[in-house]
Amino acid sequence: MTSTYDAVVIGAGPNGLVAANLLVDAGWSVLVLEAQPKVGGAVASDRGVDPDFVHDTFSAFYPLAAASPTLRDFRLEEHGLEWLHPPAVLGHATPGGWAILHRDRDVTAAGLERLHPGDGQAWLDLCATWDHIGDEVVHALLAPFPPVRSGLRAATKLRRAGGLDLVRMLLSPVADVGRELFGGPGPRLLLAGNAGHADIPLDAPGSGLMGVLMSMLAQTVGFPVPAGGAGELAAALERRLVARGGEVRCGAEVTAVDVRDGRATGVMAAGERFGARRAVVADVVAPKLYGGLVAAHHLPDRFRRRLEGFSLDPGTVKVDWALDGPVPWAVQPEHAPGTVHVADSVDQMADALHMVSNGSVPADPFLLVGQMTTADPSRSPAGTESLWAYTHVPQEVRDDAGGEGLTGRWDRGECERFADRVQARFERLAPGFGDRVRARRVLGPHEMEARDANLMGGSINGGTAQIHQQLFFRPVTGWGRAETPIRGLYLGSASAHPGGGVHGAPGSNAARAAIAHDRVQRVKRLGRA
């Protein structure tokens, strides 16, 4: 017997849950099917490192969630979500000291001014520019492509914010933006480190926008964390959905999308068919949706050929530590940051990212670090620290610049040896770090994909963020919206525009497209009646 709903959503990651919530809000009956035992996808937390410590398994800090109009409209605080902020948003750690980005822009500017006279005012000038245009930039980036309404609003404000000079700056490589605006290394490190959250080379177009966007979000909404762990964000989305009549089934892996006469009519999961009267929304990475769940003969030949060129973003190795004390930084930051970037210089950061894109495992990887107890004291016992660091590695390893013969197998031995390399970076900045480690866990690319099938090879952004696979090129040229070659099937994962990050935009765009198309079909049927 087939259970039938207005919509079936494949995957209970943040995008799938956002899509389901919007469809339920529109009055649709909705079923969400999730392969894993719990909802959340890459928004999850556990006590697997040490039972007294909460560690976020994948993502941890959520500036894009805080800035997302859709997530704000959900009022998740009414469903148990509480946002917390660390004393400082982020800091860039180098052997010579810290560049600190505080949520209070005046505090940020004062610290940068001490590092290099003139940079404080330059930072405030950048903030003022963002005040004029930032909201419209965020709305345009998260809206379906092309962003007509938000794009027009942004254009009207552009002249006051700097006009074409601002456009040129945002389209420049982040390394050039830093040199143009600032005289000292502090703000350049902050911009470059924030650009390094994506896989865009620091000397490539697009990295400037990423660096400015993340830095200004840090300055305006901060990098908040959910109290109690990242999984609380997913749990709040689930609670809201269920409270409005949606249904979620975990441990139910979808094995196929049922396509009849060119239209998605349901899915197969756990040997059962679930019908979809109006839409199927797939929070599924593009190669797995089109390379498995949808049979190849349902796809146009040109689409299949273009999909062969789909590029994943790099893999990821993540190390979690339970520390019996705070990180023993050799130079203590003035304000304790939740997020820490580790690279000795912009050039070293750029070299490490270039190595990854060229297939080499860096000897000195660029690290993104989370001091989670600093951000949320409930994450571990008083006086301890729940800490993690992650770094990118090539999808296909050609060589190991560290000289240890890492081949890209990423078996347990390779993961542990690479984690030792990561830990050695901490020892240089925080002597005695290893003595405070009471437990360690290493998640390599294979473990990440096993815990979330969308993280293919440890890629965390649903595909590269480089310009050749963004906007109307995402996931393939000509299919830059949620619609797919199959009627009634909508791509609502990070493989769709605007890509990775916990903002819910792909899920939102997919749900809104499904609702709009259904409305058009209803009007057509009325016209024929």
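For the range 75-129, the mean projected area of the C-alpha convex hull, equal to one quarter of the hull surface, is 5.4 nm².
Ordering G40, L112, S29 by Cα displacement along the dipole of the range 1-145 toward the positive end leaves G40 in first place; charges were set at the Cβ atoms of Lys, Arg (+1) and Asp, Glu (-1). Ellipsoid semi-axes for the range 178-260, based on the Cα gyration tensor and the rule √(5λ), read 39, 20, 10 Å when sorted largest first. About its Cα centre, the chain has a charge dipole of approximately 2440 debye under the convention of +1 per Lys or Arg Cβ and -1 per Asp or Glu Cβ, with nothing else charged. In order along the range 308-322, the Karplus-derived 3J(HN,Hα) couplings, from 6.51 cos²θ - 1.76 cosθ + 1.60 at θ = phi - 60°, round to 4, x, 5, 10, 6, 7, x, x, 9, 10, 10, 10, 10, 10, 9 Hz, and Gly and Pro are given as x. Projecting the Cα atoms of S59, L367, G413 onto the charge dipole of the chain (Cβ charges, centred on the Cα centre) puts S59 farthest toward the positive pole. Please determine, in degrees from 0 to 90 and to the nearest 10, the orientation of helix 14-25 with respect to the longest principal axis defined by the Cα atoms of the chain, where the helix direction is its Cα long axis. The two axes meet at around 40 degrees. For the Cα atoms of the chain, what angle does the longest principal axis make with the long axis of helix 505-528, in degrees from 0 to 90, nearest 10? Long axis of 505-528 versus the principal axis of the chain: about 20 degrees.
Taking 20 °C and 1.002 mPa s as the conditions, I'd like the Stokes-Einstein D for the range 312-408 in µm²/s, using the Kirkwood hydrodynamic radius from alpha carbon pairs. Could you put the intermediate results ahead of the total?
Details: Rh = 14.8 Å.
For these conditions, the coefficient is 145 µm²/s.
Within the shell defined by Cβ-Cβ distances under 15 Å, the residues around S45 carry a net charge of -4, with Lys and Arg each +1 and Asp and Glu each -1.
Among 499-508, 447-456, sorting by the average number of other beta carbon atoms lying within 10 angstrom of each residue, highest first, gives 499-508, 447-456. Compared with the dominant Cα axis of the chain, that is its longest principal axis, helix 346-357 is turned about 40°.
The C-alpha radius of gyration of the range 394-529, expressed as a fraction of 2.2 N^0.38 Å, stands at 1.54.
With contacts taken as Cα pairs under 8 Å and at least 6 residues apart, the chain reaches a relative contact order of 23 percent. As a proxy for reagent exposure, T94, T407 were ordered by neighbouring Cβ count within 10 angstrom, fewest first; the result is T407, T94. May I ask you to list the aspartates and glutamates whose Cα is less than 14 Å away from that of K288, ignoring any residue fewer than eight positions away on the same chain? Output for K288: E253, E308, E449, D452. Would you work out which of H139, A204, Q466 lies farthest towards the positive end of the dipole of the chain? Charges go on Cβ: Lys and Arg +1, Asp and Glu -1. Final value for the positive-end residue is H139. How large is log10 I(q)/I(0) at q = 0.05, 0.09, 0.10, 0.11 Å⁻¹ when the Debye formula is applied to the Cα atoms of the chain, each weighted equally and without solvent? Debye intensities relative to I(0), on a log10 scale: -0.19, -0.63, -0.78, -0.95.
The numbers here are math on the coordinates, done by the rules we state, and not lab data. This is a predicted model, so every value here is computed, not measured. With ideal geometry, Cβ positions are generated from the backbone for all residues, glycine too; neighbour counts draw on all protein chains shown.
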